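To start, the structure itself, in structure tokens.
The values are calculated or read from the model by the stated rules, or taken from the named source; none is laboratory data. From a predicted model like this one, the values you see are computed outputs, not experimental measurements. Because the Cβ atoms are built from the backbone with ideal geometry, glycine has one as well, and the counts that use them run over all protein chains shown. Accessible surface areas use protein heavy atoms only, side chains included; no ligands, DNA or RNA. Shrake-Rupley method; radii C 1.70, N 1.55, O 1.52, S 1.80 Å.
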Amino acid sequence: MLPPGVSSNDFELALAAFKDAVGESQVYTSDADVALYRDAYDVLWGLPGERHVSAAVAPATVEQVQKVVVAANRYRIPIYPISTGMDLGYGGSAGNLSGSVVLDLKRMNKVIEVDDRRHFAIVEPGVSYFDLYRYIQERELKVFIDCPDPGWGSPVGNSLDHGVGYTWYSYRDHFNSHCGMEVVLPNGELIRTGMGALPGSKTWAEYRYGVGPWVDGLFAQSNFGVVTKMGFHLFPAPEAYRSGTVFVPKRLDLIRLVQEVNYLEHSGIISQPEYGSPLRALVDEPAVQSMLKKPGGPTDGELDELASQHRLASWSCTLQFFGSLETTQANWNYCKQRLQAAIATATFKDGVTHRFPLGMDEKAQVPHKPSLGIPNLEAFRGRSPRNPRPTEGHVWFAPVIPKTGEAVLEAQRALGEAVRGLGALDLPTFFGRGGTAYSPFDAPATWMFRAFVFLSGWSASRSDPQQNKKVYEIVSKLIQVAADHGWGEYRTPPAFQDAVLKAYSFNNYSLLRFQQQLKDAADPNGILSAGRYGLWPRHMRQIDGLWPAQRPST
Amino acid sequence: MTNRREFIQSGVALSAAPLIFDPAVGVAAHTEPRMKPALAIYDHDFVESRLFASVLAARGLPTHGIKGDVTSLWYDVLYHRWAAGPSPIVGLTGASSLFCLEQLAWKVERRVVLRAEHTQLGNNTVEHRFTGPELLSTLSTDPRIDRSWPFWSAAAVQGLPATPRRADKCAARAVGSALPESAAWEEPLVTWAIALKPTA
């Protein structure tokens with residue numbers, strides 16, 4: 001495969017320049033090697049819209065990255081940088097534009113610095129969460145990392161895609177926790193952001209803004225540069241962890257529960273809260289199924305009756321605490337007191353406590369390791385309570401909704417109705433099947449500090465195009481329904497990025513048009529990550545000056 | 001490692017098996033040096049996988065058990081082994097476990113060089129889809145796979161060439177019987193080998 005608009009002669013010359021830059025063995029062109037960069041979770045797998053790469057090149061140094069970028073400009077080769085390329089469910093390694101050459105930064109895998117007195121790290125993009133964790137553990141440094149469920153991703157790549165985690169406060173928002181970048185621009189020039197622009201700066205990974213316009217956001221979910229180093233604020237290793245769960249009996253108790261938990265979280269008293277509904281355990285019972293399938297779904301009263309019959313709470317919320325044993329106990333006591341005053345019928349259950357550092361056996365027993373900053377791959381194991389029927393992959397639909405109980409109930413109704421209307425009840429999903437997606441028992445994800453994400457994961461297949469077609473239809477519909485309600489997605493796979501961006505249309509796409517102006521100035525040849533999150537180079541914007549003529553389709 | 005109870009149980013199965021594969025049977029015509037796997041990976045949850053490991057353990061190959069998740073295998077074992085040397089590994093696991101290992105191996109210039117996917121079809125039958133070196137083509141189409149496929153798997157991973165070559169690829173398909181002890185799988189099982197990237 002050739003990059004679009006590039007002659008075979010120019011492509012050969014570009015590959016020769018890449019080999020000159022990084023060495024022959026680090027330029028991958030064989031079918032077997034290039035196939036590894038396919039997005040294994042692509043909902044368009046094997047269909048005309050699937051994105052394929054033409055080659056891959058793996059530099060080991062900043063200078064090699066600069067040489068590759070300069071050569072790509074010379075021959076107009078579209079390149080797509082990846083760090084570890086493990087963004088499965090949100091696009092993997094394949095990029096938005098078929099024919100792109102992957103700039104695989106896996107060999108840039110140095111941990112530059114970890115400081116456990118000032119609590120930061122500086123890493124290269126090929127460093128994985130496993131690598132950073134190992135570095136910290138081996139040196140017994142007193143810091144925690146915050147990682148997403150799969151530990152094989154890169155702190156750089158994950159944060160640049162606005163990835164999220166599970167520990168304390170804003171550490172969960174990985175881009176928000178970053179501090180300072182080094183970036184190769186599309187013309188090959190090297191910049192450092194924030195305090196890094198000051199030669200000899202002593203605070204690059206401590207104070208993020210420097211002076212003047214802060215440009216770091218341009219390099220996230222975007223295509224303005226190749227990030228080659230990045231700093232991150234780290235969570236000081238706490239002495240202890242504690243959890244406790246609050247239960248509320250009535251469906252509409254969720255509204256006050258969220259309000260109170262917001263207060264506790266935004267005040268810094270609790271770590272990540274985890275909402276759930278004990279009623280979800282009943283979802284496969286025939287009586288509950290018929291209740292869910294009836295037009296309009298069950299009423300709040302019927303759901304309260306169901307909870308009462310089964311002596312189950314309508315909602316639960318597990319609160320997590322970091323600190324010392326004494327302070328976490330005191331905070332848990334305070335939470336119980338405050339929640340009891342707000343919801344008199346609330347009940348409470350003590351959870352687990354840990355003292356750090358954990359022993360090997362204790363670590364192995366932790367049910368959800370990322371909550372304690374321990375990277376792992378358990379989300380990918382074949383069978384698990386969360387994923388009882390493993391499939392070949394999934395695409396995430398991830399709308400951001402307000403952090404209120406009212407918004408959760410409204411999203412359940414609106415998105416659930418869309419799922420039922422599309423006949424997706426039996427479609428496999430990451431959490432079970434379509435019938436349980438956005439049911440009255442579904443709870444939002446709480447990775448973000450100031451908003452909920454109401455996630456669903458739709459199973460993609462490498463062998464069933466009909467299933468993929470249905471998933472494409474469902475996610476496309478959900479994007480539209482969400483937009484109609486004022487909810488936009490925080491992250492999405494390339495197959496849906498144009499559709500998602502289409503909803504961000506305030507004042508005739510004035511934001512996108514501004515981004516285009518910047519893009520055209522910084523990357524006039526449009527070589528870098530064409531189309532990432534809807535930002536296409538000028539020569540590919542045929543429709544309304546915004547979108548390419550060839551749109552992904554099933 | 002396989003434990004004593006599993007080994008004894010598998011020993012019963014071994015003695016009851018209609019035919020035990022010898023890797024030499026399938027590759028007798030080839031004189032090329034064979035790969036020496038450093039470790040055999042199995043999944044405690046599948047009887048086929050335990051049987052596979054028992055056969056290889058009996059032949060002196062170190063084994064490592066998982067339960068779906070490969071985190072500890074990767075973090076505590078493979079990371080160090082692959083940093084130190086080639087250390088080819090073989091396994092019979094669920095497809096999702098192999099998926100993770102393949103992704104991790106890819107980053108350190110290793111590839112899956114043998115892949116035989118085993119899918120339950122119902123009526124106690126299993127479909128085997130094989131891709132691997134041509135060296136194993138005789139083995140991959142051997143009708144004995146019908147009743148003895150975990151043994152076939154153990155033989156196949158011992159019959160690989162020491163230096164897999166890309167051009168060696170062959171593909172085959174067979175349908176055979178399931179083991180009487182087999183439970184339903186939620187995903188295909190796969191017999192596999194991971195080694196340094198094949199030469200051109």
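Filter the cross-link list A:K106/B:K36; A:K349/B:K67; A:K477/A:K519; A:K294/A:K403; B:K107/B:K197 down to pairs whose alpha-carbon distance in this structure exceeds 21 Å. All intermediate terms of the calculation are to be shown ahead of the outcome.
Values: A:K106/B:K36 28 Å; A:K349/B:K67 30 Å; A:K477/A:K519 30 Å; A:K294/A:K403 28 Å; B:K107/B:K197 11 Å.
Checking Cα-Cα distances, A:K106/B:K36; A:K349/B:K67; A:K477/A:K519; A:K294/A:K403 exceed 21 Å.
In deg cm²/dmol and to the nearest 500, what is the mean residue ellipticity at 222 nm of chain A if only DSSP H runs of at least 4 residues count, each as -39500 (n - 2.57), divided by the residue total? Mind dumping the intermediate values first?
Details: 14 runs with 170 residues, N = 554.
Helix contribution divided over all residues of chain A: -9500 deg cm²/dmol.
How much accessible surface area, in Å² rounded to 10, belongs to the heavy atoms of A:V62 with a 1.4 Å probe?
That residue has around 10 Å² of solvent-accessible surface.
For A:G210, what residues show an amide H to amide H distance below 5 Å, using hydrogens built from the backbone and excluding near sequence neighbours?
A:M195
Amide H of B:C170: which non-local residues (sequence gap of 5 or more, or other chain) have their own amide H closer than 5 Å, using H built in the peptide plane?
B:G132, B:E134
In whole Hz and in residue order, list the ³J(HN,Hα) couplings for segment A:40-52 that follow from phi through the Karplus curve 6.51 cos²θ - 1.76 cosθ + 1.60, θ = phi - 60°; x for Gly and Pro.
Values, residue by residue: 4, 9, 5, 5, 9, 3, x, 9, x, x, 5, 8, 10 Hz.
Among A:H485, A:H233, what's the order by accessible area (1.4 angstrom probe), most exposed first?
On the way: A:H485 75, A:H233 55 Å².
Largest to smallest exposure gives the sequence A:H485, A:H233.
Can you give the local net charge around A:R491? Use residues other than it whose beta-carbon is closer than 13 angstrom to its beta-carbon, Lys and Arg +1, Asp and Glu -1. Mind showing how you got there, number by number?
Values: positive: A:R532; negative: A:D87, A:D161, A:D173, A:E489.
Local charge sum for A:R491: -3.
Rounded to the nearest 20 Debye, what is the dipole magnitude of the protein assembly as shown about its Cα centre when Lys and Arg each give +1 and Asp and Glu each give -1 at the C-beta? Write out the running numbers ahead of the final one.
Numbers: 74 positive and 76 negative charges, 69 e Å.
Dipole magnitude for the protein assembly as shown comes out near 340 debye.
Sorted by accessible area (1.4 Å probe), largest first, how do A:S159, A:S222 line up?
Values: A:S159 0, A:S222 20 Å².
Accessible-area ranking of A:S159, A:S222, largest first: A:S222, A:S159.
With all protein chains present and a 1.4 Å probe, how do A:S476, A:S154 order by accessible area, largest first?
Working: A:S476 40, A:S154 5 Å².
I get A:S476, A:S154, largest accessible area first.
Give a residue-ordered list of calculated ³J(HN,Hα) values for segment A:268-277 (Karplus: 6.51 cos²θ - 1.76 cosθ + 1.60, θ = phi - 60°; whole Hz; x for Gly, Pro).
With the stated coefficients, segment A:268-277 comes to x, 8, 10, 8, 5, x, 10, 7, x, 10 Hz.
Once phi is turned into θ = phi - 60°, what whole-Hz ³J(HN,Hα) does the Karplus curve with 6.51, -1.76 and 1.60 give for every residue of segment B:77-88, x standing for Gly and Pro?
My calculation for segment B:77-88 gives 10, 5, 3, 6, 5, 6, 6, 8, x, x, 6, x Hz in order.
Before anything else, pin down the relative contact order of chain A: Cα pairs under 8 Å, at least 6 apart, normalised by residue count, whole percent. Don't skip to the end; give the middle numbers.
Values: 1183 pairs, mean separation 94.4, N = 554.
Once normalised by length, the contact order is 17 percent.
Checking the a/c ratio against 1.5 first, then a/b against b/c, what shape does the Cα gyration tensor give for segment A:162-295? All intermediate terms of the calculation are to be shown ahead of the outcome.
Working: a/c = 3.54, a/b = 2.11, b/c = 1.68.
Judged from the Cα gyration tensor, segment A:162-295 comes out prolate (a/c at least 1.5, a/b above b/c).
Please list, in chain and number order, the residues 5+ apart from A:G92 or on another chain whose amide H is under 5 Å from its amide H, with Hs placed from the backbone.
Those qualifying (amide H under 5 Å, at least 5 residues apart or on another chain) are A:D87.
Select from A:L47, A:S8, A:W458 the residue farthest towards the positive end of the dipole of chain A; place +1 on Cβ of Lys and Arg, -1 on Cβ of Asp and Glu, and compute about the Cα centre.
The one lying farthest along the dipole's positive direction is A:W458.
Using a 1.4 Å probe over the heavy atoms of the protein chains, calculate the carbon and sulfur portion of the accessible area of segment B:28-196 as a whole percent. Write out the running numbers ahead of the final one.
On the way: 3310 of 6360 Å².
Here it works out to 52 percent.
Excluding residues fewer than 8 places away in the same chain, name every one of the lysines whose C-alpha is closer than 22 Å to that of A:K470.
A:K293, A:K502
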